[in-house]
1. So what's the back-of-envelope 222 nm ellipticity for the chain, counting only DSSP H runs of four-plus at -39500 (n - 2.57) apiece and dividing by all residues, rounded to 500?
2. Let me spell out the model: positive unit charges on the Cβ of Lys and Arg, negative unit charges on the Cβ of Asp and Glu, origin at the Cα centre of the stretch 87-163. What dipole size does that give, in debye rounded to 20?
3. Mind checking which lysines have their C-alpha under 20 Å from K162, skipping anything on the same chain fewer than 8 residues away?
4. Cut-off under 24 Å on the C-alpha distance; same-chain residues fewer than 8 positions from K100 excluded. Which lysines are left, in chain and number order?
5. Once you charge only the Cβ atoms, +1 for Lys and Arg and -1 for Asp and Glu, what is the size of the charge dipole of the chain about its Cα centre, to the nearest 20 debye?
6. For a quick protection proxy, order the peptides 8-15, 52-59, 114-121 by their average other-Cβ count within 10 Å, most packed first.
7. Mind listing the long-range amide H neighbours of I194? Cut-off is under 5 Å, sequence gap 5 or more, other chains count too, H placed in the peptide plane at 1.01 Å from N.
8. What list of ³J(HN,Hα) couplings, whole Hz, do you get for the stretch 151-157 from phi and the Karplus terms 6.51, -1.76, 1.60, once you set θ to phi - 60° and write x for glycine and proline?
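Quick note: the coordinates plus some simple rules give every number you see, no bench work behind them. Source: prediction; values computed, not measured. Cβ coordinates were reconstructed from backbone atoms using ideal geometry, including for glycine residues, and neighbour counts include every protein chain displayed.
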Amino acid sequence: MIKAPRIAPSILAADFARLGEEIALIEDEVDLLHVDVMDGHFVPNLTIGMPVISSIRRVTDLPIDCHLMTLNPDFYLEDLKEAGVDIATVHIEVFPDPNKVAGEAREAGLGFGLVVNPPTPFEAIEPFIELADMIVVMSVNPGFGGQGFMESVLPKLERVRKFIDSAGLSTDIEVDGGIGPNTIGQARDAGADIFVAGTSVFRAPNPVIAVQEMRAAISR
Ligand code: DX5
Ligand code: ZN
């Protein structure tokens, strides 16, 4: 069953020189923080690692959802736990059989999520959905914030929702990329319960109002 919607701002769109202030601004309005780790290999961009995550952990009690866009995310699981991450998500494109990495994440004391890119079909993750606490359906090709929401992923999102509901699982479904007040409704209707939003929150004139607008758009 679909759960109450949760908003997960992606700090990628925040001002990194004022990260603590940016987080403090929206902290009471949101449900978790989405942290994008990129290594310049799996995606053509570099972001942040342990030192920044540890610093974030010191300024907020929000759960940290760490999206690993790296080639060897398994190498970092213990360090991520140590830095204060709650749930680590890895790409099915990196681990076509994620059984081993799921076990390693659990051993490290982390929640485990599986991410699927726009071109990757539902069938790639279907056998592994039960391994995960969360399935992340990418609604942009990963690597950069500020891209447009891809409606073409909605049928896949619906299939993930149907699978989870018919198997009686309580797995969360997160949607990541291009989410804002104008796109969140479609993602909600297709079955998502966690909404990552970077640009639409941190680049808005008022991030708090932006979050409230997103909640309003799906409170029917
Ligand atoms: C893209 C990242 C996203 C991104 C979302 O590679 O995984 O989490 O920060 O940013 P917006 O909301 O700007 O699309
Ligand atoms: Zn992300």
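1. Details: 9 runs with 73 residues, N = 220.
About -9000 deg cm²/dmol.
2. Values: 6 positive and 10 negative charges, 33 e Å.
With only Lys, Arg, Asp and Glu charged at Cβ, the dipole is about 160 debye.
3. Result set, ordered by chain and number: K3.
4. Straight-line reach from K100, under 24 Å: K81.
5. Values: 16 positive and 33 negative charges, 97 e Å.
Rounded to the nearest 20 debye, it is 460 debye.
6. Numbers: 8-15: 22.0, 52-59: 15.5, 114-121: 17.6.
Those peptides, ordered most packed to least, come out 8-15, 114-121, 52-59.
7. Result for I194 returns R6, I173, E174, V175.
8. Taking θ as phi minus 60°, the curve returns 4, 5, 8, 4, x, 5, 4 Hz for the stretch 151-157.
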